[in-house]
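Asks: Before I ask anything, let me first share the structure, which is written out below as structure tokens.
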Amino acid sequence: MLRKAKRKMLIGTPVVTEKDREQLHKARFLQAFVACVLILACFRWLMPEGQPIAEVSDDAAMVDTSQEANSTMQEAECTTQEANSTMQEANSTMQEANSTMQEANSTTQEANCTMQEADCTMQEANCTMQEADCTTEVASPASTRFYHPDGTPIVHRIYSVSSFKNTFPDMNDVQMVAARRHGVSPVQDREEAERRMKELVYVGSDPYFYVDNLHSSIPYLVPRAAVLLHDIGKVFFDSLYIKGIPLHKIIVTSVLRTKNDVEKLRRGNGNATENSCHLYGTTVDICYNRYQTVEDPNGPPRRAVRNDSLKWILSEVLRDFRKQGRCYVKYEVKQGCFHLTVN
């Protein structure tokens, strides 16, 4: 029917009628239906029996998903194993580092012990050297400062100082600062001095100096000043010995003064100062024109020595102590003494 209709249109037949159009639509519908049936038949023939299309697709997807999940799990396990291996290697490295640190600490401790042993050995060697020096000095007089190589004593010269006034210029105001810094508070009278014996030291008997008969002071000093006076007397002995001069003691003529002592002095001597350094137990007067000879009462008399020679030697000793910063010294012309205060 379709062919006939087409043939009519091709050979110039009149315009297609409504009937012809209906037949044409029916033919097209029939062809489409037959094609769909054929397609469904072919698809049915290709698919396995008893299994829906959707199920096949789902199972295939699940299989693929399971395989991918298994692969991912295997990869994760491999990664975990690699991480564990890396952690084990890191732990091993840390253990090796700790072992190395412990070895280094042990080596350092051994080195310290070795250094301490070396120091002890050096100290022992120094002590041995000192003992050897002492032994050599005792055994060989020629190696000491007191004897010539032939064994005869060395006599050191007396130099004195260039000027007593310029060498010992420390006035009362300079000495007063040191007296107040190192001394005690002024003592009113002898009774108060007796009550304050814990702050003072008795200096009335010392093998290196002699305390004169005191009328305006008492033989007490602060410990610092007592040590200074003792050292001056001892060094004076040493200087006399190395200069080949018979031993003499220095004579101390004034020590600690009470306030009552100062008032008595001011009544008899208008030049005496009210604010005296002797009030603080830090100051002494050492006579430079009188000395006490040291000799055996039952032995032969010692040869006489001029007071000027002893004064020159004493000035050398006091100059050295002043340079060391241990005292301040004023050369007193009228009183005939060295007025000194501990520093």
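The values are calculated or read from the model by the stated rules, or taken from the named source; none is laboratory data. In this text, all values refer to a predicted model and were calculated from it rather than measured experimentally. For neighbour counting, all protein chains shown are included, and Cβ atoms are generated from backbone atoms with ideal geometry for every residue, glycine included. These accessible areas exclude ligands, DNA and RNA; they are computed on the full protein's heavy atoms, side chains included. Shrake-Rupley method; radii C 1.70, N 1.55, O 1.52, S 1.80 Å.
Asks: Using the Karplus equation 6.51 cos²θ - 1.76 cosθ + 1.60 (θ = phi - 60°), what ³J(HN,Hα) coupling, rounded to whole Hz, does each residue of segment 154-171 give in order, writing x for Gly and Pro?
Replies: Ordered by residue, 3J(HN,Hα) equals 8, 9, 7, 6, 9, 9, 6, 10, 5, 8, 5, 5, 7, 6, 10, x, 6, 6 Hz.
Asks: If you wrap a convex hull around the C-alpha atoms of segment 214-343 and split its volume per residue, what is the figure in Å³?
Replies: 121 Å³
Asks: To two decimal places, what compactness ratio does segment 66-124 give when its Cα radius of gyration is scaled by 2.2 N^0.38 Å?
Replies: 2.44
Asks: Segment 142-225: D in µm²/s via Stokes-Einstein (Kirkwood Rh, Cα pairs, 10 °C, 1.306 mPa s)?
Replies: 92 µm²/s
Asks: From largest to smallest, what semi-axes in whole angstrom does segment 264-324 give when each is the square root of 5 times an eigenvalue of its alpha carbon gyration tensor?
Replies: Taking √(5λ) for each Cα gyration eigenvalue gives 31, 18, 12 Å.
Asks: Another question, if that's okay. Taking segment 147-278 as the region of interest, what is the percent of Cα-Cα pairs per 10 angstrom bin, listed from the shortest bin to the one with the maximum distance?
Replies: 10, 31, 34, 16, 7, 2, 0
Asks: Among Thr86, Thr152, Thr282, what's the order by accessible area (1.4 angstrom probe), most exposed first?
Replies: Result of the area sort, largest leading: Thr86, Thr152, Thr282.
Asks: So for the pair Leu24, Glu82, with labels modelled 7 Å out along Cα→Cβ, what separation do we get in nm?
Replies: Label at Leu24, label at Glu82, 7.1 nm between them.
Asks: What figure, in Å² to the nearest 10, do you get for the accessible area of Cys127 with a 1.4 Å probe and non-protein molecules left out?
Replies: Estimated to the nearest 10 Å², Cys127 gives 70 Å².
Asks: What do you reckon, how do Val37, Val201 stack up by accessible area (1.4 Å probe), largest on top?
Replies: If we order Val37, Val201 from most to least accessible, we get Val37, Val201.
Asks: For Val187, what residues show an amide H to amide H distance below 5 Å, using hydrogens built from the backbone and excluding near sequence neighbours?
Replies: The answer is Lys259.
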